[in-house]
Structures are given as C-alpha cells and as structure tokens.
Amino acid sequence: MNPESAIETEVAPPAGLNHPSPKAVLRELHGVPVNGLNDSYLYKVDAAEFSRLDLHNAMFSASLGGLFPAPAREDIQQALMICNDGPIPAVLDIGTGSGAWCIDMAKAFPNSHVVGMDLVPVKASSVPPSNCHFEVGNADTDLAKMYAPESFNLIHVRSVVQGVKDLHSLFQNVWRMLRPGGVFLAMDGRLTTWDEERQEILYKEEGQPGFSWFRKMIYHMLEVTKVSTPNCFLVPVAPFNIRIQARNPSADLMHRITECLRGMGDDVWEKVDRFNLYLPVGNFDSPIMSPGERLGGKLFTENMSRLPDSIRPMLLSGDLTPEEIDRLTSGLREELKEPRIKQFSLFIYTWSVKK
Ligand SMILES: C[S@@+](CC[C@H](N)C(=O)[O-])C[C@H]1O[C@@H](n2cnc3c(N)ncnc32)[C@H](O)[C@@H]1O
C-alpha cells in the first residue's frame, strides 16, 4: 500500500437513511466512498455498487434455482417451521449488501421476520415487505451488542468473509444467536480458478501461455485482503521507516468454512454439510454446465466486468497504479467476452444445524 495516497475523510451518508452513527457510516478512500466501520472491506459504496450487488443476488438465485442450494432446502424449511407456542421464525442476513436476498426471503416466508445487517445502510431497489428490515453494524464488533442469544432460526452469510477479521468469533456468535435446530448457511468463494476436470489452474504471469486477467485481478484481491490497509503502517525508526504488515487472518480461511465449523467440536452442530457451485468465468459453453449454471454464468460474467470499478479503492491500497488498474479493467472485459481458456470460479456453500 502507498500510505500517502490513502486519504481518508468522512463523507455524508446517503440521505434519508436510518443508522446509529451517521458520521461513521462512510469515509473516502482514494477519492471514493467506502464504509467507515471496517478497514478490511474496501469496496466502493454508491448506486452502481448496490446495482452490482442486486446482480450478485440474481446470479446465485439463477444458478441454484432458488434462495439456497437444493440439498440444504429441507433443513432450512424445517428450521423455519412455525411452532404454535413458539416465537415467529426469524432470519438474519449478515453483510446483506443490497438487501435483495432478504426481500426475496421475506416474500418466500411471509410468516417469518427477516433482518439484514451491513456496514452501510441498505439502499434496496424494491420496497421491503413489512416482515423485513435492515440495520447497520459490523459483524466483527457488534453482533453480541445487537442480538440476544437464541434469536434466529436461520443465519445467512454470503460473500462477506473478506470483511471479517475474526472468523472464529463470528462462528461462535452465530451459534449463540441461533435457536436449537437453527441453520447457519455460509458461502464464500475461492480466489483461484478451476478447469473442466475440476483441477485447479496454476497462476500464470502476463506473457506466459494461459495468462488470465481475471486471475490477475483475484490474485491482487487476495493480496490486499491478507494485508488489510489501515493495519499496514510505517513506524519511523531512524534512519529507516520499517513497514509493519498485519494480515487479515480470515483471508486464508475463506474457502475453509466447512472445516472450521466441523472443528468447533462434536456438541455444537447436529450436522455440517457442503455444496460446491462452479460458475464459468466469461462467455463460453461447456457440456459440464447445467442450464442454471449457464444462466448464472452469464450474470457472473456481467458482475465480474463491473468488479474492477467496485474494488478500485482496494486495488489502489495494494501495489497497483491507476494506469495498471485501467489496463487490467480493459483486459478483463475483453477476456470475459472472448475467453482464451475455459476456467470456472468455485463458490462453496456450507450449512450446519445447531444441536
Ligand atoms: C460482496 S457483498 C455480498 C452481499 C450479499 N451478502 C450477497 O451475497 O448478495 C459483501 C457485503 O458484506 C458487507 N460486509 C463486509 N464486511 C462486513 C462486516 N464486518 N460486517 C457487516 N457487513 C460486512 C459489505 O458491506 C457488503 O455489503
């Protein structure tokens, strides 16, 4: 990171939104608004990003043919069943983004109450039904303050781990907040790619056969996530400045959620299960794709072509210059239209049922 260029100032939050601490909600990083509560999730926050996050939700719904993977459906429906003398079923979506999943869930389960929480106030593209509301908070620091034990029947955390520094404490909080029989549904990706035989593709430098701009982008995303920006600072020790880099330990655990949950012990979860979703990186066809994955892949391709704009503050906090990011963006957009190699991204869903 280049500390001189990381100019951070507080900016006003979007008008008309409720949040506990208006000043803390957004700050400016490299001239772009980012969240002001957390220093490891360095995506921009604006209308274009909320629209990309709507696309993110649509891409998973299309790929899975619903709001969660088919093999998890029975456990989730069971957890959301209404008991005559019990509280109404409640759902929490941590890091809800545009809130689209919450709104879809609230419509699909009208007898449940759905809460979405995020670092920034949600700007949903449609009016949430009355059984859905949104709150602002940081999953690293606020869950214990915001939610009582045994409050929820289902907790959903999708594509959020980049912004969570203490994943183990998140899992403990989730377990505490779940009612017995409640389900935790987590999904995160792996910042690498896979071929049609499901073998991992090795990273290639520019100029080498098999080089991919998409791989270059996710390589830099992983590097910045490991070294979270404001934790990387210069200590003046004459005659040199010593650079200290504090890693976000969760960066290495993004794809190991299943193992982390299983490792919590025998008395914690009734079961822990996993479902792998592979989506094509770019516009190509392959006999191994289902119709849902084909449709999801098209939305993923559109989503990825917008991603460099979303993560510009993150990439500028790493070692790429603005000119290098512009080259990466145009290279990526060309590659997505006409891929030179067939590669897939892996999205790992894990669900567990509380004992
Ligand atoms: C890539 S988006 C995913 C949005 C949504 N979960 C989905 O899958 O459509 C990640 C979201 O997580 C939020 N986030 C990241 N770190 C967080 C944290 N520590 N606490 C709460 N929200 C967080 C971000 O603000 C962003 O809205």
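Read-outs throughout are calculated quantities, based only on the coordinates presented, and are distinct from any laboratory measurement. Keep in mind it's a predicted model, so treat the numbers as computed, not measured. Virtual Cβ from ideal backbone geometry, glycine too; neighbours counted across all protein chains shown.
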> Where does the chain land on the Kirkwood hydrodynamic radius, alpha-carbon pairs, in angstrom?
Replying inline: 21.2
> Relative contact order of the chain: what whole-number percent is it, with Cα pairs under 8 angstrom and at least 6 residues apart?
Replying inline: 21
>> Using +1 at the C-beta of Lys and Arg and -1 at the C-beta of Asp and Glu, which of S310, L42, Q343 has the Cα lying farthest in the positive direction of the dipole of the chain?
In response: Q343
> What does the charge dipole of the chain about its Cα centre add up to, to the nearest 20 debye, if the Cβ of each Lys and Arg holds +1 and the Cβ of each Asp and Glu holds -1?
Replying inline: 260
>> Kirkwood hydrodynamic radius, computed over distinct alpha-carbon pairs, for region 259-304: how many Å, to one decimal?
In response: 13.0
> Peptides 153-166, 270-283, 81-94: what's the order by average Cβ count within 10 Å, highest mean first?
Replying inline: 153-166, 270-283, 81-94
>> Less than 14 Å Cβ to Cβ from M81, Lys/Arg counted +1 and Asp/Glu -1: what total charge do the surrounding residues give?
In response: -1
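Can you classify region 283-355 as rounded, prolate or oblate using the Cα gyration tensor, where a ≥ b ≥ c are the square roots of its eigenvalues, rounded means a/c under 1.5, and otherwise it's prolate if a/b beats b/c and oblate if not?
It is oblate, given that a/c is not under 1.5 and a/b is not larger than b/c.
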> Which of the aspartates and glutamates could be linked to K271 by a straight reach, that is with a Cα gap under 17 Å, when you skip same-chain ones fewer than 8 residues away?
Replying inline: E74, D75, E259
>> For K204, give me every one of the lysines with a C-alpha distance below 24 angstrom, ignoring sequence neighbours fewer than eight places off in its own chain.
In response: K216, K226, K337, K342
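Step through the table entries K44/K123; K145/K165; K123/K145; K165/K354; K44/K165, compare each Cα-Cα distance with 21 Å, and write down the pairs that go over it.
Values: K44/K123 14 Å; K145/K165 18 Å; K123/K145 24 Å; K165/K354 23 Å; K44/K165 19 Å.
Flagged as over cut-off: K123/K145; K165/K354.
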